[in-house]
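Structure record follows, encoded as structure tokens.
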Amino acid sequence: MLRSFRQPSRKKSPLTAKPLRNPGQSLDEAINQLLDEDGLTMIVTAAACLSMIASEWWRWYANVPPKPVHITIFY
């Protein structure tokens, strides 16, 4: 039994103009630009500094001798 397959029809979209921007899209783009360019660098730097501070306080609290190999591998 042979089946006949139709060729896909070549339809054109009735929409000719570009779609409008979403509400708040420019504000969203501005926020993303600030976070990508400025904020991310500051957040990563602050997190690295805070982790170093926390590890030093933990070393002081636990009375653990310094181990520079661990901190060198970590950073």
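Within the stretch 43-73, the only residue that satisfies the criterion of being basic (Lys, Arg) and modelled with pLDDT of 85 or more is Arg59.
The listed residues are Leu20, Leu40, Leu35, Leu27, and the only one of them that is under 27 Å from the mean Cα position of the chain (by Cα), of a type outside the set (Ser, Thr, Tyr) and modelled with pLDDT of 90 or more turns out to be Leu27.
The values are calculated or read from the model by the stated rules, or taken from the named source; none is laboratory data. Remember, predicted model here, so these are calculated numbers, not experimental data.
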